[in-house]
Amino acid sequence: MKYSAWQLLRGALSGQRHWPQAWRDASPKSRYDIIIVGGGGHGLASAYYLAKNHGITNVAVLERGWIGGGNTGRNTSIVRSNYLFPESARLYDFSLQLYEGLSQALNFNIMLSQRGLVMLAHSRHDLDAMSRWANAMRMNGIAAEILTRDEVGALAPALDLSPQARLPVLGGFAQRRAGTARHDAVAWGYARAASALGVDIIQNCEVVDFIKERGRVVGVNTSRGRIEAERVGIAAAGHSSVLAKLAGFRLPVTSYALQAMVSEPIKPVLDTVILSPGTGAYVSQSDKGEIVMGAMLDLFPSYAQRGSFAVKQAIIAATLELFPCFSRLNLMRQWAGIVDVVHDSSPIIGATPIPNLFINCGWGTGGFKAIPVGGWTLAHVLATGQNHPLAEAFQLERFVTGRLVDEAAASGIAH
Amino acid sequence: MLQIPCIHCGLRDESEFSCGGTSHMTRPGLEQSDQVWGEYLFFRDNPKGLHGERWRHSQGCGQWFNLVRNTVTHAIESVYAITDPPP
């Protein structure tokens, strides 16, 4: 069923009881053309673009838990493309462009809200670094505006802009096209659209081994039986190393917990996204009114999906220095996702050392914004065997050749 | 908050420490290939389970030591000196 105003109106007369299931909860067949391991945003998007862009619909998405229950449901739902290097700028801006058309393309309201992102400068050095950064974005064709302190204040009046502030705001820059999107809607939108094109979405199906013949992957053994495939793609974020080990190779990835939290909902007070690289604070207000706070990694390897109290305290302290007016809010929920951090904080999208096995990983703390392009480029290499031009710079070989795309210092959060 | 047993100072809060990554990595010789150096610099086992790792009591005695810690439960299985072999 195509979602439309007409369908809503029709439902109004029948108690809104006519809505069908959004996507099929499929059972595994014995064989597919392509299997995607991981039913988060990247995996579901990969399946959708395989069907949509390449006409390959005999595809299964295998999810260990439930779709969108991993990092897709454990982020701060911010989308932006304020990266420094041309390779990253192209990649992430294409992702943002896909997000801009995604509600229409999927016929599912992903609630994209391009409320802008403001990076704060707290020192003269920050001001210089941000001018360089904003200018690099412009050189890459992505609009960025350098802001004075007063201009920052006009965009976010709740900030403590007084000269006595412990973290004085001296200025910053804005990317107006950045914003937020509804994370569950992104997962469900891709799932519904992929399912409608014939993709099988299979939940509670954990891959326990890769089946190989003469060194090539020909399928997977799962908790729901053996499934064969021509090609297999992995999109498993923080669990990429676990799957790589099953397949017999290693990745340049370390898994860390990245936590975030929301306060109780309050009336609208902050209509942009605030990022303070100096403190690691990452603050926005959700459509429901909660203050969403994200920040730095818990800096030790973890698969625990829960954050450390020490880091939580640091996140809240940093947020309250910027917004003293939030000090009386109660925290409502907190969560942590296990993110796949790579040395240069850039992704890996392409072949693995094992023939027929491809991977999309290494997004680290920034996977949500990259869901559309991650799916688009993994689908491309799975369908054609050739790297997508946008993914050419993001191959596993770069960790041997040394040609890193070092966004580690440039992507906005210290990690 | 993790409680980490520094071999010199005893049990202290996690916030006094910094994690220095995987223990017992052997630096390859300069004559080794790019492949070997790439493996050494970037590629890791990144296990889900027991992980041998170096920690530094950076806000305390400043000394390095080794831990074996479970990356799922965060339970610390053993603590030993930086120069000791893995248990």
Compute the convex hull volume of the Cα atoms of the protein assembly as shown, divide it by the residue count, and report the result per residue in Å³ as a whole number.
168 Å³
What is the calculated FRET efficiency for A:ARG403 to A:VAL242, with r their C-beta to C-beta distance and R₀ = 25 Å, to the nearest 0.05?
0.40
Among A:ALA237, A:ILE110, A:SER286, pick out the residue whose Cα is farthest towards the positive end of the charge dipole of the protein assembly as shown, where Lys and Arg carry +1 and Asp and Glu carry -1 on C-beta, about the Cα centre.
A:ILE110
If I require 15 Å or longer along the helix axis, counting alpha carbons, and a Kyte-Doolittle average no lower than 0.5, what helices from chain A are left? Use full DSSP H segments.
A:309-322, A:371-384
Please give the per residue volume of the convex hull enclosing the alpha carbon atoms of the stretch A:319-406, rounded to a whole number of Å³.
138 Å³
How high is the FRET efficiency between A:LYS2 and B:LEU41 when r is their beta carbon distance and R₀ equals 41 Å, given to the nearest 0.05?
0.20
How high is the FRET efficiency from B:ASP13 to A:GLU151, r the C-beta distance, R0 51 Å, rounded to 0.05?
0.80
In nm, to one decimal, how far is the B:SER78 label point from the A:GLN334 one, both placed 7 Å along Cα→Cβ?
3.3 nm
Working from the alpha-carbon coordinates of the stretch A:1-121, get Rg over Rh, Rh being the Kirkwood radius.
1.02
Sequence-separation-based contact order of chain B, relative, with Cα cut under 8 Å and 6+ spacing, percent
28 percent
Could you please state, rounded to a whole Å, how far the C-alpha centre of the stretch A:38-64 is from the C-alpha centre of the stretch A:307-369?
24 Å
Unit charges at the beta carbon, dipole of the stretch A:233-326: most positive-side option, A:PRO301, A:VAL262, A:SER276
A:PRO301
Taking the stretch A:4-57, which trypsin sites (Lys or Arg not before Pro) meet the DSSP loop condition and have no more than 11 other C-beta atoms within 10 Å?
A:ARG17
Hey, could you get me the Stokes-Einstein D for the stretch A:264-330, Kirkwood radius over alpha-carbon pairs, 10 °C and 1.306 mPa s, rounded to whole µm² s⁻¹?
124 µm²/s
Principal axis box of chain B, alpha-carbon based, largest edge first, Å:
42, 27, 23
Could you give the dipole magnitude of the stretch A:56-177 about its Cα centre, charging the beta-carbon of Lys and Arg +1 and that of Asp and Glu -1, in debye to the nearest 20?
120 debye
Roughly how many debye, to the nearest 20, is the charge dipole of the protein assembly as shown about its Cα centre, given +1 on each Lys and Arg Cβ, -1 on each Asp and Glu Cβ, and no other charges?
1140 debye
Note the direction-averaged projected area, equal to a quarter of the hull surface, for the Cα convex hull of the stretch A:194-238, in nm².
4.0 nm²
Could you give P(r) for the stretch A:122-209, binned at 10 Å from zero, as whole percent values over all Cα-Cα pairs?
14, 27, 20, 15, 18, 6
Measuring from its Cα centre, chain B shows a charge dipole (+1 at each Lys and Arg Cβ, -1 at each Asp and Glu Cβ) which, in debye to the nearest 20, is 140 debye
Fraction of beta bridges assigned by DSSP in chain A that are antiparallel (%, nearest 5):
70 percent
Kirkwood hydrodynamic radius, computed over distinct alpha-carbon pairs, for the stretch A:1-41: how many Å, to one decimal?
13.5 Å
Express the Stokes-Einstein translational diffusion coefficient of the stretch A:134-289 in µm² s⁻¹, to the nearest whole number, given a Kirkwood radius over alpha-carbon pairs, 25 °C and a viscosity of 0.890 mPa s.
120 µm²/s
Please give the length that would be gained between A:GLN203 and A:HIS54 if that part of the chain were fully extended, namely 0.36 nm times their separation in residues minus their C-alpha to C-alpha distance (nm, one decimal).
51.2 nm
Value of relative contact order over chain A, rounded to a whole percent, pairs C-alpha under 8 Å and six or more apart
23 percent
Rel. contact order, % - alpha carbon contacts under 8 angstrom, at least six apart, the stretch B:32-79:
28 percent
Could you give the nm distance between label points at A:ASN135 and A:ARG176, where each point is 7 Å from its Cα heading toward the beta carbon?
2.2 nm
Give the separation of the Cα centroids, the stretch B:62-81 to the stretch A:165-210, in Å.
34 Å
Between A:GLN313 and A:HIS125, the two model label points (7 Å from Cα along the beta-carbon direction) sit apart by a distance in nm of 2.6 nm
Using +1 at the Cβ of each Lys and Arg and -1 at the Cβ of each Asp and Glu in the protein assembly as shown, identify which of A:ALA165, A:HIS18, A:PRO353 lies farthest towards the dipole's positive end.
A:HIS18
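FYI, it's all coordinate maths here, none of it is from the lab. Note that this is a predicted model, so its numbers are computed, not measured. So basically every Cβ, Gly included, is an ideal-geometry build from the backbone, and we count neighbours across all protein chains shown.
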